[in-house]
Every structure is written in structure tokens, then in C-alpha cells.
């Protein structure tokens, strides 16, 4: 008999009832150190007082009116994002998946309004852009698409890092190139700065729009507010979600005036997108995470964690192969099954997130304390030792 919750997840046997900072409490009283942060969502941990206050204050006055009217909290957040980024305009969604849908529409509508038949969008192996029809068609992998055809056409799938194929594919039929500066689901695979610069140059040469998916790697996760800043380039369109809401469902598409020129009244909409509750929380998250001193501290802690993880890998060569990633978006490439590491983490009170390429993702809150970093690595060490003994 099918359960009341559609069984599309193979859930861990854990039920959390409360959280504070980087810790979660299970129904049986056990405490877990959270190094998954709800898959890079809880950038300020659980129950952050400033976010609780922002949500509570807004909840006392207004929850929802729809986008038929002006929403002051939405305007405040949009203005702040425009001020801190390349963008001239923002559309708010409830998720990264919805942001992908709009990014695809925006790129194609841009060329349609110019009288061009450019519709193709280049994407890369290992990518993840959500689970909508456009998102799975963009990723193109069998895991994402099997059984869900016919797929939305117009996507060109290239191997990650194949520069020759990319140069050959870039022509006057291509509307956009869509890429994650750091692949999350794909196994914490950063796109080198030189490659991101090369993509920007290629797009400029051929008049192609550059869409960056910063749903997972954005909002301070890599040590800058957005990951593309490390390369010193800007996109035409950018998808955000996850961290911007600090745990409250919120996403968005940021764009230049030129790239967004086709999106006029009636071309897109959202009933809940940019509602007062979400935007009140998002504005507070951006205020905290967007502070230079906060970001400097993220980079300091990221360096500490990276150093300790490198020692962990060196000390457990039968379990781990390498550390990869940027900032507090790190991955442990495993020699044993990554599920073994995740499950051993559970047994030691540590939450991590599996990814492709046999990688375990480490995505702690950006305001995690040094003591919690020390403890997380100790728990990983214990997990590795247990795995080694079990395999002996």
C-alpha cells in the first residue's frame, strides 16, 4: 500500500524535531551536528534569532497579497540584490527549479523579440538544474530523464571540461550557455576561474547569453557572495535559491536590463513568489551574509576546515581520495562507497550529503563555530576508522 507521502525519497531513519545553530535534535533526544544545512540552505544555521525575529515581525502584519500589488518587503530585497550584484532586475520564485524555468524562458524570449530563431541552450554533464521538465531536459542524464519523455527540446549536452566540443557547438543558433560555477549534485566540481572567464569571452564573441546557476553555490557558500565573483566576470542571467531564504522557501532570477528585455507584463508570473514572509527573511539573510566582515570570517573558517580535511584524507587513504570544492562547499571524494561514509556519519551524530562521482558533500552553516568544525572532523575520523575496521 502506498504511503501517504509519495515515496520518491529513500529517507534516512531520522526524525528531527528542533534545531539550534549547527545542531539538530532527533525525536529520541540524540543530537546531530549538521554538515548538510538542508542541502546548502540553512546558511545561518537553525533558528537564527535575527531570522526568527524578521519572520515573526512580518507574520504579525501581512503574509500574502499576491503579485497583483506592490510588496514593500519584495522591493527592499530586490533593491539590495541589485545593489550588491551585476543585476538590474530580479524576479522572485519559491525555489531553484522555478528559477530555472524562468531563466530558460527569459533567454529564449530575448532572442524571439529580436527576430532571431536562436533557441538552443548549451549545458554540461554532471549538471543539476532542478526536477521540472525544463530542468531535467537541461541536465539530460538518464537518471534525471528516464521515463519522463518526451523531453523539452532545445538543449545541447556537452561533456564537462570539453573545450573543443564547446567551441564547435557555439554558433548563431545558440541562445545561451547555462552552467553551475560549482556543480553541487554533480560531486562538488568547481569550474576553474580561467574556464569561467573563457565562457564569458566565448559568449561575448558569439552574442550568446551566459546563464549561471548559483542555486547551491551562491549566497556566500564559496567565500564570496556569489561564486562567479572569484573569476571577475558577470553573467547575463543568474538563478538563485537555497541560501537566500536561510531555510524559508525563496528563489529568484537576476538579470541585466538587456537580458530581461523580453519579459514584459504577462510573460511570467508566480502566485507566491516574492511574498512578504519570504522576502522579509531573505532581506535579513542578505544583510548578514553580504557583510564584508562576515564573508572574511567564512573564508577563514573555510581554510581551517580544508586544512583539517586534507589531514583526514592523508590519515585515511583507504577511505578517502581527495578534498575538492571552494569555501564551505566542500566534497570528500571517497574510495569506499560514499553511502558508507554518510551512514557512518549518522552513527557518529554527523549529517552529510551524498553526491555524484562518489563524493560526500560538506555544507555547514556559514556561521559555524570553530569548535563545531573540530568536532565534525573528529566525527569523520571516527567514521573512517569504523569503515576501515569493517572492511579489514
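Only the coordinates and a few stated rules stand behind these numbers; no lab work does. If you're wondering where the values come from, they're calculated on a predicted model, not measured in any experiment. All Cβ positions, even for glycine, are placed from backbone atoms using ideal geometry, and neighbour counts span all protein chains on display.
How long is the gain from residue 152 to residue 261 if the chain were fully straight, where each residue apart is worth 0.36 nm and the alpha carbon distance is subtracted?
36.9 nm
Need one number: the % of Cα-Cα pairs in the chain sitting beyond the 38 Å mark.
19 percent
Residue 18 to residue 272: extension gain in nm, 0.36 nm per residue of separation minus the Cα-Cα distance?
Additional length available on full extension: 88.8 nm.
Taking the simple approach of a point 7 Å from Cα along Cα-to-Cβ for both residue 57 and residue 347, what is their distance in nm?
It works out to 4.7 nm between the two label points.
By how many nm would the segment from residue 159 to residue 25 lengthen if fully extended, with 0.36 nm per residue of separation less the alpha-carbon distance?
Roughly 44.1 nm would be gained on extension.
How would you classify segment 340-392 from its alpha-carbon gyration tensor, with a ≥ b ≥ c the square roots of the eigenvalues: rounded for a/c under 1.5, else prolate if a/b is greater than b/c, otherwise oblate?
In terms of gyration-tensor shape, oblate.
Between residue 75 and residue 172, what is the label-to-label distance in nm when each label sits 7 Å out along the Cα-to-Cβ direction?
Going from the residue 75 label point to the residue 172 one covers 4.4 nm.
What do you get for the angle between helix 49-59 and the principal long axis of the chain? Use alpha-carbon atoms, 0 to 90 degrees, nearest ten.
50 degrees
Please work out the Cα center distance from segment 66-99 to segment 237-293, rounded to the nearest Å.
4 Å
Got a sec? How would 205, 222 order by Cβ neighbour count within 10 Å, fewest to most?
Values: 205 10, 222 27.
In increasing order of surrounding Cβ atoms, one gets 205, 222.
Taking the Cβ of each residue in 361, 306, 221 as the centre, tally the other Cβ atoms inside 10 Å and list the residues starting with the fewest.
Values: 361 25, 306 17, 221 29.
Lowest to highest Cβ neighbour count: 306, 361, 221.
In nm, to one decimal, how far is the residue 67 label point from the residue 113 one, both placed 7 Å along Cα→Cβ?
It is 1.5 nm.
If you fit an axis through the alpha-carbon atoms of helix 96-113 and take the longest principal axis of the Cα set of the chain, what angle between them do you get, 0 to 90°, nearest 10?
The helix 96-113 is inclined about 20 degrees to the chain.
Quick one: compute the contact order of segment 49-289, relative version, from alpha carbon pairs under 8 angstrom and 6+ residues apart, as a percent.
Worked out over segment 49-289, it gives 32 percent.
Please arrange 298, 82 by how many other C-beta atoms lie within 10 Å of their C-beta, fewest to most.
Final ranking by Cβ density, sparse to dense: 82, 298.
Compute the angle between helix 193-206 and the longest alpha-carbon principal axis of the chain, please, reported from 0 to 90 degrees and rounded to the nearest 10.
10 degrees
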